[in-house]
Structure formats: structure tokens, C-alpha cells
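**Student:** Below is the structure I would like to discuss, written out as C-alpha cells.
The values are calculated or read from the model by the stated rules, or taken from the named source; none is laboratory data. The model shown is predicted, which means the values in this text are computed figures rather than measured ones. Cβ: placed from backbone, ideal geometry, glycine included. Neighbour counts: every protein chain shown. Surface areas here come from the heavy atoms of the whole protein model, side chains and all, with no ligands, DNA or RNA. Shrake-Rupley method; radii C 1.70, N 1.55, O 1.52, S 1.80 Å.
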Amino acid sequence: MKALVVTPYYYPKIGGLENYARQLGIALRERKGWEIVIATSNHESRTNRVETVDGMKTYRLAPWFKISNTPVNPLWVFRLRTIIRREKPDLILAHSPVPTLADAAALAAGKTPLFLVYHAATLYKHDAPLFNIIVKLYNRYQTITFNRAVRILTASDYVKAQFNPRFQAKTQVLHNSVWEHEVVKSTQPKRVEFIFINSLDRTHAWKGLDLIIEAMDRYRQRYGSDFTLTVIGDGDYRQHYETVTRKLKLTGHIHFMGAVTGKPKDDLLSKATALITYPTAANDAFPTVLLEAWAKGAPPVIAAIGPTLSCINDRVDGYLVKPYAPDDLAAALNEVVHTPKARRQALVAAGQARIRQYYTWERQADILAKIVKEAL
């Protein structure tokens with residue numbers, strides 16, 4: 001079986017969708033023996049190039065420009081048609097909802113079956129009225145891509161539940177995941193060390209780092225200064241976050257590490273008292289960092305918004321916190337710190353049990369192979 005994976009961005013660009021597309025492709029190749037070819041935008045320059053990533057042929061297509069986080073090139077339909085004729089895939093596996101490339105794949109597919117992987121619960125953002133008008137218009141156009149897809153795969157049950165009833169019959173869940181071997185036994189650290197992991201691009205400001213920094217200031221004022229927050233990630237808005245940190249005199253407590261991947265990131269997670277993720281929008285289907293935190297032994301603390309309500313069982317495998325409320329987040333972090341270490345480890349163990357049952361790439365490769373066999 002040969003699949004053309006079409007994704008708006010791809011490794012080494014870091015993000016939840018990028019990680020999902022990469023790891024699922026690796027799992028399909030290594031576990032099922034599929035041949036995988038990647039078509040993605042070139043996030044580094046406005047040129048076309050072909051390279052090999054993880055042993056998989058990767059076409060990086062030149063964008064003309066970018067709108068918000070969306071790369072755009074009206075000629076991608078024709079470029080993808082050329083790639084499809086050259087590679088002759090048995091199916092196209094297109095990742096959305098970042099517009100343009102998945103939609104171009106739907107138009108270029110011809111008789112090649114299209115399977116659409118949809119990652120976001122919603123594209124709407126808090127306090128972004130103009131952006132939300134554009135989203136509303138795009139949602140109407142997106143039904144063309146939905147109609148062309150043989151199957152629609154969603155990264156969580158919550159995302160599937162948001163779909164129009166007319167698409168439910170051909171929609172199945174293919175969970176965001178981690179590798180089974182990544183789940184390790186760990187112990188909670190003695191020091192209070194929080195961690196935040198995400199892109200620091202301005203387009204990802206909805207991930208809530210501004211509110212987290214504000215909550216750190218409240219935490220220091222009310223509960224003491226014996227803590228650190230490690231920020232993993234980089235982007236064009238990093239300077240803003242560092243400026244806010246200096247103004248609040250938190251430079252001794254908040255450390256910006258830049259982009260960290262692989263074992264160094266795993267080591268930082270394994271030393272964390274808790275992972276903090278505090279989105280202000282319901283965009284994430286099932287944040288990858290939650291699974292990574294469980295796998296490495298850090299209980300997650302997350303805003304109770306949209307899909308996160310179904311991702312976390314409150315006080316069973318993590319902590320849900322009222323969104324848009326730095327005071328509440330600070331109080332929740334204080335609760336985590338004063339929760340007995342054995343209890344925090346029990347929360348992690350519950351999360352790891354969920355991973356082994358539902359959220360491994362090995363399992364998703366098996367599920368997708370079965371879905372494709374039944375559909376074709």
C-alpha cells in the first residue's frame with residue numbers, strides 16, 4: 001500500500017498536527033509495511049525542493065505567502081496533480097483544518113481515494129471577530145473537501161461530535177497518540193518545577209502563555225517563590241513573553257529554553273511537577289503534550305475548555321481549571337504542589353493506563369489499515 005500524506009506543515013517544524021502526521025506515517029511504514037510519500041509546504045523558503053525525512057520522500061512546496069498560520073499558493077492543485085501522476089499512490093491521506101493544502105489535495109485527487117484527517121475541534125478564536133468571519137466563510141467551502149473524502153478521521157471523539165450529522169456516517173476516530181515504548185515509570189520531583197510546551201509564534205498566542213505568566217505572578221505573591229516554570233518552544237512572539245516576564249520580575253522563575261526535542265525534552269518533562277496548558281480557544285482536539293506529560297510522569301493542569309473536558313478526568317488523571325482565570329490557575333497549581341507525591345503519581349499512572357489502552361501509534365496504524373481496507 002502506498003500513501004501520499006498531504007499536510008500543511010511537516011517536521012522539522014514543530015506542532016501537534018506536524019507531530020501527528022509524522023508519527024502516523026512512521027507507524028504505517030514500520031508496522032504495516034506501507035510506502036509513505038509526504039507533500040507539505042516549505043516553511044523555510046519560497047522554493048520547491050525534494051528531500052528524504054525519516055526515510056520517506058518529502059516534497060516541500062513553495063508558498064506564495066502566508067495568512068495567519070496558513071501557507072497559500074493557488075497553484076498547489078496543479079503541483080499535487082503532478083506528484084500524484086508521478087508517485088501513483090493507492091490513497092491520499094490529507095491533514096486539515098489548516099486551509100489550502102488538504103483542499104488542494106481534494107481537488108487534485110481525481111480517482112485516487114482521499115482520506116481526510118481532521119485535527120481541530122473548531123477554528124474560532126476567543127476575541128478575534130475578523131478572523132472568525134473568515135473562518136465562517138471557509139467552513140462553507142470546506143464541505144467540498146468533506147464531500148470528496150472517502151472517510152474522515154478525527155483526532156478525538158470530541159472533534160467527531162462537532163461535525164455536521166450528514167458527515168457522521170463516514171467519520172471515525174483515529175486518536176492522537178504516543179509510542180508505547182515512550183511510556184515510562186517515573187517519580188515526582190522534590191522541587192516545584194512546572195513546564196509549558198508549545199510554539200511561541202504569535203499565531204499560537206491562544207495557547208495561553210500570557211495567562212500562565214500572569215498566574216505565575218499570582219502564585220509567587222500568594223504561595224511563595226520556590227518554583228520554576230520551564231518554557232519549551234520558540235517563535236516570533238517569544239520576545240513579547242520574555243518582556244512580560246521581566247516586567248513582572250519573574251526572570252529568576254521562568255526560563256525560556258527555545259525549541260527542545262527528543263531526549264532533552266523528555267528529561268525536562270520527567271523532572272516536572274506538572275505540565276501547564278491553558279488554551280483560550282477550543283482548537284486542540286487532544287493536545288499531544290498531555291500524552292507526552294503522562295508518558296514521562298507529569299500530571300497535566302489544563303483549562304476546562306472545549307475538548308479538554310473530555311481529555312482529562314478531573315482529579316483522576318489530571319487537573320481541570322476554569323479558563324481565562326489566572327487566579328484559579330494559581331490556586332490549582334498550589335493544590336498540585338500540596339497534593340501528596342504518591343497521589344500525583346497515581347494520577348500519572350491513570351493517564352498512562354489510558355495511553356496503553358487507546359493512545360499508541362501502534363494501535364492507530366492497525367486501526368487505519370483496517371479502515372482503509374474496508375473502505376477500498
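**Student:** Would you kindly identify the strands (runs of 3 or more DSSP E) lying entirely within the range 273-376 that contain at least 2 residues that are out of contact with any Pro (no Cβ under 8 Å at 6 or more places or on another chain) and closer than 26 Å to T261 by Cα?
**Tutor:** 300-303
**Student:** Among (1) of a type in the set (K, R); (2) part of a loop (DSSP other than H, G, I, E, B); (3) under 21 Å from the mean Cα position of the chain (by Cα), there is one condition R46 misses while meeting the rest; what is its number?
**Tutor:** Every condition holds for R46 apart from (3).
**Student:** Also, I was wondering about something else. Report, by residue number, each residue of the range 185-230 that is surrounded by fewer than 24 Cβ atoms within 10 Å (Cβ to Cβ), among the aromatic types (F, W, Y) and closer than 29 Å to A282 by Cβ.
**Tutor:** Passing the criteria: W206, F227.
**Student:** Quick one: L123 ticks every box in (1) within 29 Å of R354 (Cβ to Cβ); (2) at pLDDT 90 or above except a single one, so which number is it?
**Tutor:** Against the list (1) within 29 Å of R354 (Cβ to Cβ); (2) at pLDDT 90 or above, L123 comes up short only on (2).
**Student:** If you don't mind, there's one more thing I want to ask. How about the range 88-120: which of its residues are part of a loop (DSSP other than H, G, I, E, B), of a type outside the set (D, E, K, R) and in contact with a strand residue (DSSP E or B) (Cβ under 8 Å, 6 or more places away or on another chain)?
**Tutor:** P89, P97, V98, P99, T100, A109, T112, P113, H119
**Student:** Could you list, in sequence order, all residues of the range 3-31 that are in contact with an Asp or Glu (Cβ under 8 Å, 6 or more places away or on another chain) and either part of a helix (DSSP H, G or I) or acidic (D, E) (or both)?
**Tutor:** G16, R22, G25, I26, A27, R29, R31
**Student:** If I filter the range 139-158 for residues that are open to solvent by 70 Å² or more (accessible area, probe 1.4 Å), of a type in the set (S, T, N, Q), over 23 Å from the mean Cα position of the chain (by Cα) and modelled with pLDDT under 90, do I get at least one hit?
**Tutor:** The answer is no; no qualifying residue exists.
**Student:** Name every residue in the range 49-85 that is without any contact (Cβ under 8 Å) to a residue 40 or more places away in the chain, outside any strand (DSSP E or B) and of a type in the set (S, T, N, Q), in order of residue number.
**Tutor:** Within the range 49-85, N73, T82 meet the criteria.
**Student:** While we're looking at this one, here's another question. Given the criterion within 23 Å of T203 (Cα to Cα), touching a strand residue (DSSP E or B) at 6+ places or on another chain (Cβ under 6 Å) and hydrophobic (A, V, I, L, M, F, W, C), identify the matching residue among V6, V50, V37.
**Tutor:** Answer to the selection: V6.
**Student:** Still on this model: Hey, among the residues in the range 246-262 that are out of contact with any Asp or Glu (no Cβ under 8 Å at 6 or more places or on another chain) and on the phi > 0 side of the Ramachandran plot, which one's surrounded by the most Cβ atoms within 10 Å (Cβ to Cβ)?
**Tutor:** Ranking the candidates gives K249 first.
**Student:** Pick from G258, G306: which is at pLDDT below 95 and farther than 22 Å from Q352 by Cβ?
**Tutor:** Working: G258 fails: at pLDDT below 95.
On inspection, the qualifying residue turns out to be G306.
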